[in-house]
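The values are calculated or read from the model by the stated rules, or taken from the named source; none is laboratory data. In this text the structure is predicted, and so the values were computed from the model without any measurement. Here Cβ is always computed from backbone atoms with ideal geometry, including for glycine, and neighbour counts include all displayed protein chains.
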Amino acid sequence: MPKKPDDEAIFRNTVAFVRAELGGESSGHDWWHVWRVLKNAERIAESEAGADMTVVRLAALLHDIADHKFHGGDHSVGPAKARAWLERQGLDEARVAEVCAIVRDVSFKACGGKPNMADLEGKIVQDADRLDAIGAIGIARVFAVNANLGREIFNPEDSSRPTAIGHFHEKLLLLKDLMNTPTAKSMAEGRHAFMLRFLEQFQEEWGAVL
Ligand code: ADP
Ligand code: NI
């Protein structure tokens with residue numbers, strides 16, 4: 001019988017798999033987004049006692065494996081892809097199911113649904129993903145995604161138009177208060193304050209040319 005791979009080997013294989021899958025993605029879900037989410041998730045899990053680190057790490061790696069926006073809103077693609085991969089790696093069924101539930105709920109949430117993450121591991125990955133949407137990195141991402149969507153950065157004459165600055169008010173400034181874990185709440189503070197400083201300076205410079 002072939003030897004079962006250990007958690008560390010499954011983790012390393014999954015890094016290579018996700019990296020190959022997401023490499024050139026340019027909609028805000030590239031490999032480096034996944035890598036930052038992984039690092040945030042590990043940091044949160046280390047200070048929130050009781051999380052299964054393997055489940056956290058695998059769910060962080062696989063959370064954007066098939067973004068719903070590229071599959072016509074089909075939420076089953078990501079979890080199915082994650083399941084096929086993890087089964088091939090020989091991960092036990094209980095943890096395959098846990099990781100896939102997190103992948104499903106993270107992407108559903110991104111689409112406007114509101115399932116509350118049931119398990120600590122899911123709460124951690126959701127927090128880690130949200131942290132990457134705020135602060136200096138969040139600012140960089142919002143302008144990258146906004147440009148991809150062909151939108152203006154700001155339009156003071158038409159507030160009904162979607163813009164990058166509008167996205168801060170619709171979503172990014174709300175994320176700090178949506179964090180599940182105390183660790184992520186405290187990590188969000190500095191990032192949130194930095195966005196407020198950025199917006200203040202942006203308005204100041206914009207006001208100077210009006
Ligand atoms: P998630 O990371 O949970 O999948 P999204 O897919 O909504 O979240 O967002 C991914 C990135 O794209 C985030 O950094 C977010 O700020 C940015 N983004 C999402 N929607 C917009 C938008 N309408 N305008 C500008 N940026 C956006
Ligand atoms: Ni993400």
### Pick from the stretch 82-122, criterion at pLDDT below 95 and of a type in the set (Lys, Arg), ranking: farthest from Thr54 (Cα to Cα)
Lys114
### Query
Could you list, in sequence order, the residues of the stretch 191-210 that are surrounded by fewer than 11 Cβ atoms within 10 Å (Cβ to Cβ) and part of a helix (DSSP H, G or I)?
Arg197, Glu200, Gln201, Glu204, Glu205, Gly207, Ala208, Val209
### Query
What number of residues in the stretch 155-177 are more than 16 Å from ligand 2 (Cβ to nearest atom) and either surrounded by 14 or more Cβ atoms within 10 Å (Cβ to Cβ) or aliphatic (A, V, I, L, M) (or both)?
9
### Message
Just to be sure I understand, how many residues within the stretch 131-152 are part of a helix (DSSP H, G or I), in contact with a helix residue (DSSP H, G or I) (Cβ under 9 Å, 6 or more places away or on another chain) and either of a type in the set (Asp, Glu) or more than 7 Å from ligand 1 (Cβ to nearest atom) (or both)?
### Response
7
### Task
Quickly run through the stretch 83-97 and pick out the residues that are free of Cβ contacts under 8 Å to residues at least 12 places away in the same chain, among the charged types (D, E, K, R) and assigned to a helix (DSSP H, G or I).
Glu87, Arg88, Glu93
### Query
In the stretch 18-62, which residue that is away from ligand 2 (no atom under 16 Å from the Cβ) and farther than 18 Å from Val106 by Cβ is modelled with the lowest pLDDT?
Gly24
### Single match in Glu121, Glu98, Glu93 (criterion: away from ligand 1 (no atom under 14 Å from the Cβ), charged (D, E, K, R) and under 15 Å from the mean Cα position of the chain (by Cα))
Glu121
#### Entry: Sole exception among (1) without any contact (Cβ under 8 Å) to a residue 40 or more places away in the chain; (2) more than 15 Å from ligand 2 (Cβ to nearest atom); (3) surrounded by fewer than 19 Cβ atoms within 10 Å (Cβ to Cβ) for Cys100, by number
(3)
